[in-house]
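So the structure is just underneath, and the comments pick up after that.
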Amino acid sequence: MELITPNVLPDAKPDTTPTEMAVRLFERCLMALNRFLGAYIVATQDHAVRQVSPEALGQYVLVELRDADSGPLGFSGILTLPRATLPESFSKVGHDDMVVRLNVGMRHEGAAHPMDTVVLWQMRALHYSEITGDYEVALMSLNTSAEVLLDALWATHRVDEGRDSSLYDSRPQFTKTLSVVAKELGVPWTKDDPDSAWAVYFRDCYELRNDTAHEGRHVTSEQLDAAIAAYDGLRRAVEELTVATAESYPRTAILVHSHVGLQEAGALTGRVEQELKAIQEEQVVAFWLPHDLRVPD
């Protein structure tokens with residue numbers, strides 16, 4: 001992979017030093033790389049791939065470019081990344097399908113799609129579980145994925161209700177979020193409910209995470225298996241219930257399933273179809289944001 005550092009910094013000021021400019025240009029390049037890697041991970045579901053952190057990089061060679069009269073032209077750089085082999089998922093995903101998936105992922109440039117973030121943390125959990133055997137970190141990553149999912153459901157429900165960006169000022173704590181989302185999706189949850197997907201997730205995944213984070217308990221392979229099963233049950237419940245409540249929360253259903261998934265489920269009708277047309281007319285990628293953020297005055 002070849003990365004080209006831009007030699008123009010749009011927001012540079014006359015007093016911006018060459019060193020500061022070089023660092024900021026490099027950071028822009030690294031951000032672009034991680035944006036691509038994020039889209040790639042979601043497209044391939046290859047959890048062995050990780051985004052690049054500055055702390056993990058080797059030496060970075062910075063080159064100042066000058067013209068024939070020694071006038072400054074800007075900066076360029078060479079960043080050498082470790083050689084990688086193609087993951088097994090490449091044999092399962094055709095070239096055309098891969099291009100489509102990457103294009104969709106890269107369109108989320110302005111604001112990360114919440115479901116992309118959900119999948120990224122899920123893939124990270126699987127990496128720590130299956131590759132490194134770090135069960136505690138796997139559990140933390142799994143819960144981060146679930147919390148991002150439930151927070152996105154809560155916020156997009158408010159968007160479906162017509163709320164503006166002030167909704168972010170009233171975002172509840174996690175257990176309250178779980179309770180509200182479960183009720184709005186038609187399957188209320190309480191801590192005394194032993195069998196629902198919400199209750200199993202709370203018991204086998206969330207409370208185990210609390211014990212690990214706050215009491216330093218180690219996680220056994222059996223406990224992690226139960227946590228993964230509880231997380232999978234939560235994801236299945238969300239997928240089923242967002243289809244069932246699509247008429248009440250259409251943008252939420254589109255967020256979770258996309259228009260393709262809703263069409264396959266036979267749910268692309270009524271208000272869902274109306275909202276999808278409105279999204280296409282807005283031509284705004286981040287359709288899950290409140291109206292005053294996605295279509296500013």
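The values are calculated or read from the model by the stated rules, or taken from the named source; none is laboratory data. Every value quoted in this text rests on a predicted model; they were computed, and no experiment measured them. Note that we place each Cβ from the backbone using ideal geometry, even for glycine, and neighbour counts take in every protein chain shown.
Does region 244-267 hold any residues that are under 19 Å from HIS113 (Cβ atoms) and surrounded by 18 or more Cβ atoms within 10 Å (Cβ to Cβ), and which are they?
ALA246, TYR249, PRO250, ARG251, THR252, ALA253, ILE254, LEU255, VAL256, HIS257, LEU262, listed by residue number.
Just one of SER145, SER129 is more than 11 Å from the chain's Cα centre (by Cα), in a helix (DSSP H, G or I) and crowded, with 20+ Cβ neighbours inside 10 Å; which is it?
After applying the criteria, what remains is SER129.
Could you look through region 268-281, keep only residues that are part of a helix (DSSP H, G or I) and β-branched (Val, Ile, Thr), and pick out the one that is farthest from HIS113 (Cα to Cα)?
So, considering only residues that are part of a helix (DSSP H, G or I) and β-branched (Val, Ile, Thr), the one farthest from HIS113 (Cα to Cα) is VAL272.
A quick yes/no check of all residues on (1) outside any helix (DSSP H, G or I); (2) on the phi > 0 side of the Ramachandran plot; (3) modelled with pLDDT under 65; (4) of a type in the set (Val, Ile, Thr):
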position: ALA12; (1), (2), (3), (4): yes, no, no, no
position: THR16; (1), (2), (3), (4): yes, no, no, yes
position: VAL23; (1), (2), (3), (4): no, no, no, yes
position: PHE26; (1), (2), (3), (4): no, no, no, no
position: LEU33; (1), (2), (3), (4): no, no, no, no
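Give region 148-167 a look and list any residue that's part of a helix (DSSP H, G or I) and among the charged types (D, E, K, R), or say none.
Residues satisfying the conditions are ASP151, ARG158, ASP160.
Yes or no: LEU178 of a type in the set (A, V, I, L, M), surrounded by 17 or more Cβ atoms within 10 Å (Cβ to Cβ), over 23 Å from VAL243 (Cα atoms) and assigned by TED's automatic domain parsing to the domain that holds ILE279?
Here the answer is no, as LEU178 does not meet what is asked.
Filter region 192-221 down to the residues that are among the β-branched types (Val, Ile, Thr) and outside any helix (DSSP H, G or I), then identify the one that is surrounded by the fewest Cβ atoms within 10 Å (Cβ to Cβ).
THR220
Given the condition among the polar types (S, T, N, Q) and modelled with pLDDT of 85 or more, answer yes or no: does some residue in region 251-261 qualify? Outline the logic, then answer.
Kept after step one, since they are among the polar types (S, T, N, Q), are these residues of region 251-261: 252, 258.
Filter once more, so that each one left must be modelled with pLDDT of 85 or more: 252.
So far as region 251-261 goes, yes, one or more of its residues are among the polar types (S, T, N, Q) and modelled with pLDDT of 85 or more.
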